[in-house]
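Enquirer: Sharing a structure here in structure tokens format.
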Amino acid sequence: MANYAIGDIQGCFDELIILLDKIKFETNKDQLWICGDLINRGPKSLESLEFLYSIRKNCYITLGNHDLHFLAVAEEVIEISDSDTFQEILKNKNLDIYLNWIKEMPFHHIGKIKNNGKTRSYVMTHAGIPPHWTKENLKKYSLELNKTLQGPESLNLLKNMYGNEPNHPSRCVTEMDRLRLHINYLTRMRFCSRDGSLDLKNKGKAFDAPSGMKPWFDWNLKILKDPVHLLFGHWAALEGVTGKKNITALDTGCVWGNKLSALRLEDNRIFSCNKIN
Ligand SMILES: [Mn+2]
């Protein structure tokens, strides 16, 4: 039995299958931790989603910004854009099944793994965890987003989640402002300031931080008060490098021509498959 953490798949179905073949993935013993952005931008979004649904019992999946955007388009609260590549899912007979499945996905996953003989706690989100959030904050806010996504305010949330402002809790006026900021923290964050103010425009490399900003994982994170290992994706420009032993960037940019990677949590071994189409 092994646990593998996998970064942004984004419709790179062929590479996913090759990667699972490389790790000799078996549904009767292995578990995948997938950090979100299952679909979009890549060539085979429908195949990726169909396959992941078929092995859903073997997957912990956290929601990514592309998965949320897909929900918004499918629920017709926003127009599809030219760069979106999930048209086939929208026409699929199982669309409702997939929509309900995606809406049930959490914004974070926490689990314990025996790594090199020691039991360690792992926390996975799509983009990261802001410096000022404790583990309790994460659990509370993540659950609140899920409940909203599954409740009567679902369409309202999907419609109002777009936008870079407000970028800090002190600038939130409405309830929806706060929920948008939390979605931005968990699914879009890269650079932020010490107090958790977001800069969502900059998508560059970690050393290209705007003034007063750092990659979120370079701050003194409250969630690291207790020993945990953080897993996240979303930031392909990092090329898997954070410079921290206990924080792993899983997105190695397959959809951008690089590779899809899996980290075996039991022994930190990395498996990869280069982009093929
Ligand atoms: Mn993303």
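The values are calculated or read from the model by the stated rules, or taken from the named source; none is laboratory data. Just so it is clear, the structure is predicted and the values come from calculations on it, not from any experiment. Cβ placement follows ideal geometry from the backbone for every residue including glycine, while neighbour counts extend to all protein chains displayed. Note: areas computed on protein heavy atoms with side chains; ligands, DNA, RNA excluded. Shrake-Rupley method; radii C 1.70, N 1.55, O 1.52, S 1.80 Å.
Enquirer: Please say if the stretch 139-252 is rounded, prolate or oblate, where rounded means a/c under 1.5 for a ≥ b ≥ c the square roots of the C-alpha gyration tensor eigenvalues, and otherwise the choice is prolate for a/b larger than b/c and oblate otherwise?
Expert: Note, shape of the stretch 139-252 comes out prolate.
Enquirer: Post the alpha-carbon centroid distance, the stretch 125-183 to the stretch 208-252, in whole angstrom.
Expert: 20
Enquirer: OK, next. First measure r as the distance between the Cβ atoms of Glu136 and Glu79, then evaluate 1/(1 + (r/R0)^6) with R0 = 45 Å and state the FRET efficiency to the nearest 0.05. Before the final figure, lay out each step's value.
Expert: On the way: r = 38 Å, r/R0 = 0.85.
Computed FRET efficiency for Glu136 and Glu79 comes out at 0.75.
Enquirer: Fully extended, how many nm does the chain gain between Trp256 and Asn92 (0.36 nm per residue separation, minus their Cα-Cα distance)?
Expert: Extra length available between Trp256 and Asn92 comes to 56.4 nm.
Enquirer: Let me ask you something else. Aspartates and glutamates within cross-link reach of Lys29: Cα-Cα under 19 Å, excluding same-chain residues under 8 positions apart?
Expert: Excluding near neighbours in sequence, the set is Asp21, Glu266, Asp267.
Enquirer: Right, something else. Taking R0 as 35 Å, what's the FRET efficiency between Ile270 and Asn156 from their Cβ-Cβ distance, rounded to 0.05?
Expert: Result of the calculation: an efficiency of 0.30.
Enquirer: Additional query: Ignoring ligands, DNA and RNA, what accessible area per residue does the chain give at 1.4 Å, in Å²?
Expert: Numbers: 12580 Å² over 277 residues.
It amounts to 45 Å² per residue over the chain.
Enquirer: Please state the shape class of the chain: rounded when a/c is under 1.5, otherwise prolate if a/b exceeds b/c and oblate if not, all from the C-alpha gyration tensor.
Expert: The shape class here is rounded.
Enquirer: So, one more: Determine the distance separating the Cα centre of the stretch 60-122 from the Cα centre of the stretch 9-43; give it in Å without decimals.
Expert: 13
Enquirer: Could the peptides 195-207, 2-14 be put in order, highest first, of the mean number of other beta-carbon atoms found within 10 Å of their residues?
Expert: 2-14, 195-207
Enquirer: Would you mind calculating the gained length between Arg120 and Lys214 on full extension (0.36 nm times residue separation, minus the Cα-Cα distance), in nm to one decimal?
Expert: Taking 0.36 nm per residue and subtracting the Cα distance, the gain is 31.2 nm.
Enquirer: Continuing with this model, one more query. Past the 30 Å Cα-Cα mark, which pairs from Lys22/Lys139; Lys118/Lys244; Lys91/Lys205; Lys91/Lys140; Lys44/Lys244?
Expert: The pairs that break the limit, which is 30 Å between Cα atoms, are Lys22/Lys139; Lys91/Lys205; Lys91/Lys140; Lys44/Lys244.
Enquirer: What FRET efficiency do you get for Lys245 and Asn58 if R0 is 25 Å and r is their Cβ-Cβ distance, rounded to the nearest 0.05?
Expert: 0.40
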